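Data block below; observations after.
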């Protein structure tokens, strides 16, 4: 079983939201690539944001853009390694 279970995905916006089975919390994920592998970075969000994005994922655009700019790294659920990817 995967720790992160997407409940809504927007291919156009390149974002997913879902539930973290380890903590029971919520996340927003963005795709990144480090040249060797493509993966997702997971950012913690509260229940209010989760429900808002679940009903209208386009409302996640500003939050996702801040994640892509590394402005919300304090919300990363899994710390990136030495070869951190760049947003796709």
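Listed residues 51, 28; which is at negative phi, surrounded by 11 or more Cβ atoms within 10 Å (Cβ to Cβ) and either over 13 Å from the mean Cα position of the chain (by Cα) or not in a strand (DSSP E or B) (or both)?
On the way: 28 fails: either over 13 Å from the mean Cα position of the chain (by Cα) or not in a strand (DSSP E or B) (or both).
Just one listed residue meets the conditions, 51.
Against the definition (surrounded by fewer than 16 Cβ atoms within 10 Å (Cβ to Cβ), on the phi > 0 side of the Ramachandran plot, free of Cβ contacts under 8 Å to residues at least 60 places away in the same chain and not in a strand (DSSP E or B)), how does residue 81 come out, yes or no?
Spelling it out, it is not the case that residue 81 is surrounded by fewer than 16 Cβ atoms within 10 Å (Cβ to Cβ), on the phi > 0 side of the Ramachandran plot, free of Cβ contacts under 8 Å to residues at least 60 places away in the same chain and not in a strand (DSSP E or B).
Since every read-out is calculated from the coordinates, none of them should be taken as a lab result. Predicted, not measured: the structure shown is a model, and the values here were computed from it. Note that each Cβ is placed from the backbone with ideal geometry, even for glycine, and that neighbours are counted across all protein chains shown.
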